[in-house]
Amino acid sequence: MKVISARITAMPENLFSPMPQVYVTFENGVEEFLFEYYPDEISFTAAEFLGKTKQECHNLKFEKDRRYLTS
């Protein structure tokens, strides 16, 4: 099942605000929470998730985390 739309919640306003969360909608119309992330380490745009499977979306986060941690 592939992602047809994605949304990312607001960036944190202060230290105690929630981290951005990624939600995607699949071809069957179901919206699902994928993950949250630390925006001072990695970033995303909604377009990066379009056409990907759930596993490919998680792999995208993993790869960005890995690049950040090894830089």
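The values are calculated or read from the model by the stated rules, or taken from the named source; none is laboratory data. What you see is a predicted model, and the numbers here were worked out from it, not measured in a lab. Counting neighbours? That spans all protein chains shown, and the Cβs are built from the backbone with ideal geometry, glycine included.
Taken over region 1-18, the criterion of being modelled with pLDDT under 95 and in contact with a Ser or Thr (Cβ under 6 Å, 6 or more places away or on another chain) is satisfied by no residue. Every test in (1) of a type in the set (A, V, I, L, M); (2) exposed (fewer than 14 other Cβ atoms within 10 Å of the Cβ); (3) at pLDDT 95 or above is passed by ILE42 save one, and that test is (2). One residue stands out in region 13-35 among those that are in a strand (DSSP E or B) and in contact (Cβ under 8 Å) with a residue 24 or more places away in the chain: the one that is farthest from PHE62 (Cα to Cα), namely PHE26. Cβ-Cβ contacts under 6 Å between residues 6 or more apart (or on different chains), taken from a first residue in region 57-71 that is closer than 20 Å to GLU31 by Cβ and without any contact (Cβ under 8 Å) to a residue 60 or more places away in the chain to a second residue that is part of a helix (DSSP H, G or I) and not small (Gly, Ala, Ser), are listed as CYS57/PHE49.
Looking across region 3-31, just one residue is farther than 17 Å from THR45 by Cβ and either hydroxyl-bearing (Ser, Thr, Tyr) or in contact with a Gly (Cβ under 6 Å, 6 or more places away or on another chain) (or both), and that is SER17. For the subset of region 50-71 comprising residues that are over 20 Å from SER5 (Cα atoms) and either of a type in the set (A, V, I, L, M) or surrounded by 15 or more Cβ atoms within 10 Å (Cβ to Cβ) (or both), which member is modelled with the highest pLDDT? The extreme case among them is LYS64.
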